[in-house]
Every structure is written in structure tokens, then in C-alpha cells.
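Scroll down for the structure; my scribbles are underneath it.
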Amino acid sequence: MTTTKIIIDTDPGQDDAVAILLALTSPEIEVLGITSVAGNVPLPLTTLNALKCCELAGRPDIPVYAGAAAPLVRPLITAEEVHGRTGLDGPDLPEPSMKLQDGHAVDFIIETLRREDPGTVTLCTLGPLTNIALAFSKAPDIKPRVKQIVAMGGGAFEGGNTTPVAEFNILVDPHAAQAVLQSGIPVVMMPLDVTHKCLTKRSRIQKYRDLNTRVGEAVALMLEYFERFDESKYGSDGGPLHDPTVIAWLLRPEIFGGRDINVEVETGSELTMGQTVADWWGVTDRPKNVHFVRDVDDDAFFDLLIERIGTL
């Protein structure tokens, strides 16, 4: 079996945790390391949560590196109102026994891309793009070595989830997001337009509980906590499960649909800061720089999650 080598850059986050579990239980994927970034909660908590996720998956062998504690330009904003004080509220996960790696996440990304064969490593970004932008700025030579970036972030037809036009991951560090989109590297974007079609729903959460496993119960508790905010906001049965779409796209791209378009990020206007301006209809002559995903077979997506997490 040919495996896809990835680095997961993340700010866990219950939905990040499910994405990490999906990656670590999928034999088609080789996780070279996990890098943390400030986002959903401050960096010390996102780093701790990444360690907890590895141990929950029974994978203490995965190296975890701490990265950027603040965005490139703007003050950090966080989302405890969604994810809770710890970022992983819901289950009572034990303190991890595995240790954080020495060194900075940005240096790990650079060194890994220089070590691996060119075009073999995919960067899977589940949070703000600060670490990735810093790595590209510090070591421009690594950009041609990246196979692709698969990023959860942005929105067009769905608008925003943090401001009327901005999705959280992009809004936290819009300057980093714009730098990454202008890097010349192929980008697959999993925006709110697709993640809002992936609703957890009570019946889907029950399937995790029906696994009768420690991990299944932990995921059920995470999602029950995580969905409450969006259920109240949108009046839906369940909340959108954002970040696992990144890993699912690597495993089952055929269940998604999108097109190649130009996407730019607003970094100047406070009114529309962090907006991903997606030229879906091709009304500009700006070059196509993103494969923008808009559709998904949501039943197949959740079946994949249950199948893989059920192996733990």
C-alpha cells in the first residue's frame, strides 16, 4: 500500500481531535508529526491537547512540537465559548505521559520537508496558518518540496462563522492565510460551504457510543459538547464537523466535489477582515490557486469516521 506522508498543523479543538484520530487510525496515512498553533485556545492548551489526542489513539510514538503562540500581525483571538476552557471539554482525558519534543514546530516543518523526497509531504492544516507562513518565510526553499496543502478554513456562500464574512481559522491569522494562498503551492480548501453539510446529529453521535469503547465514548462526549454552540446558533440537529474533512479528503476524495478557483484573503478592512474572497464564477482574471470544495456525501463521510475510529 502506498501511504501519504503528512504533517498535521492544529489547534485542538474537539473537531481537530476527531481529525487526528482519523489520521492515526488510517493505514493509508503516515503522520510524520503534529505541530500545534494558538487558535481555539492558547498555545499551551492546544499543545497539551495534541498530546492527549495521540495518547487517546494509542500512538505515543507521534512527535508533537509546539509552534506559534500568536498570529503574525494581529492579537490572538480564541474560541472558548465553542470548545470550552480546555479546548477539549466534554470527556475527562488524563494528563499525557508522552513528552513534547524539543524544538519549535516551524523548524520541524522545515527540517522534515528538507529531509523527505520533494513532493511527498502534504501539510494538513486544521487551525490558523501561522506556523506554515512562518516556515515559508524562514525557508522559502521548502515551498517547492510540499506536495499540497489541505486546509480547513474559509467560506464563500456560507459566509463566516465568527464574523458575518470570516471563518475562524482564517480570521485568527488572515495575513498568514494570504501568504500561504500566494505561495504557489497547490491548496485544497475545506470551507464552511462543505463542513456545514457535515452535521454531527444525535443518531451519528450515538454510533460512537454504540462502539462500547473508551475512544468511542470520548468522541461522543466531545461532539455532544462541541455541537451545543452551533445547535443554538443555527437551530440545527447537530453541529458542523469541520476539521475531519481534511483527512477524509485524502482518504476518500471521491465523496467530495469542488472546482479550481482563485481565493484571496482580506487583510486591510476591519469590516471584512479575514474574508476569503472566492471567485467561484470566474469573474476575475486572477489565477486559480485553490481547489475549493463545496459538496460532500455526508453519510459516507460519517461512515468513514465510524469505521476508522471503531478500530481503536
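Bear in mind that the values in this text are calculations on the coordinates, not laboratory data. All of these numbers come straight from a predicted model, not from anything done at the bench. Note: ideal-geometry Cβ built from the backbone for every residue, glycine included; neighbour counts use all protein chains shown.
Can you give the net charge of the other residues whose Cβ lies under 13 Å from the Cβ of residue 95, counting K and R as +1 and D and E as -1? Spell out each step's value before the answer.
On the way: positive: 52, 99; negative: 55, 92.
Residues close to residue 95 contribute a combined charge of 0.
Could you put 73, 150, 215 in order, starting from the residue whose Cβ has the fewest other Cβ atoms within 10 Å?
73, 215, 150
Only Cα pairs within less than 10 Å get springs; with that Gaussian network setup on the chain, which residue of 35, 112, 125 has the largest fluctuation?
Top of the fluctuation ranking is 112.
I need 269, 183 ordered by Cβ neighbour count within 10 Å, fewest first.
269, 183
What is the calculated FRET efficiency for residue 217 to residue 70, with r their C-beta to C-beta distance and R₀ = 51 Å, to the nearest 0.05?
For residue 217 and residue 70, the calculated efficiency is 0.90.
Would you mind telling me which residue in 34, 20, 62 has the biggest mean-square fluctuation in a Gaussian network model of the chain, where springs connect alpha carbons within a distance under 10 angstrom?
62
Rounded, prolate or oblate, given the Cα gyration tensor of the stretch 13-155, with a/c below 1.5 counting as rounded?
Oblate shape, in that a/c is at least 1.5 and b/c is the bigger or equal ratio.
Just in the stretch 240-312: which chymotrypsin sites (Phe, Trp or Tyr not before Pro) are loop by DSSP and have at most 13 other Cβ atoms within 10 Å?
On the way: sites: 249, 256, 280, 281, 292, 301, 302; in loops: 280, 281.
Those that pass, being in a loop and sparsely packed, are 281.
As a footprinting exposure proxy, order 30, 227 by other Cβ within 10 Å, with the fewest listed first.
30, 227
Of 213, 256, 268, whose Cα points farthest to the positive end of the dipole of the stretch 206-275 (charges on the beta-carbon: +1 Lys, Arg; -1 Asp, Glu; origin at the Cα centre)?
213
For the chain, the longest stretch holding no trypsin sites (Lys or Arg not before Pro) located in a DSSP loop with at most 11 other Cβ atoms within 10 Å is which?
100-312
Only Lys, Arg, Asp and Glu count, each charged at its Cβ (+1, +1, -1, -1), so figure out the dipole size of the stretch 1-148 about its Cα centre, rounded to 20 debye.
That gives the stretch 1-148 a dipole magnitude of about 480 debye.
Only helices at least 24 Å long along their own axis, judged from Cα atoms, and with Kyte-Doolittle mean hydropathy of -1.0 or greater: name those in the chain from DSSP H.
In the chain, the long hydrophobic H runs are 214-234.
Any idea what the relative contact order of the stretch 4-309 is, in percent, if you count C-alpha pairs under 8 Å spaced at least 6 apart?
The normalised contact order for the stretch 4-309 reaches 19 percent.
Round to a whole angstrom and tell me the spacing of the C-alpha centers of the stretch 236-312 and the stretch 59-129.
20
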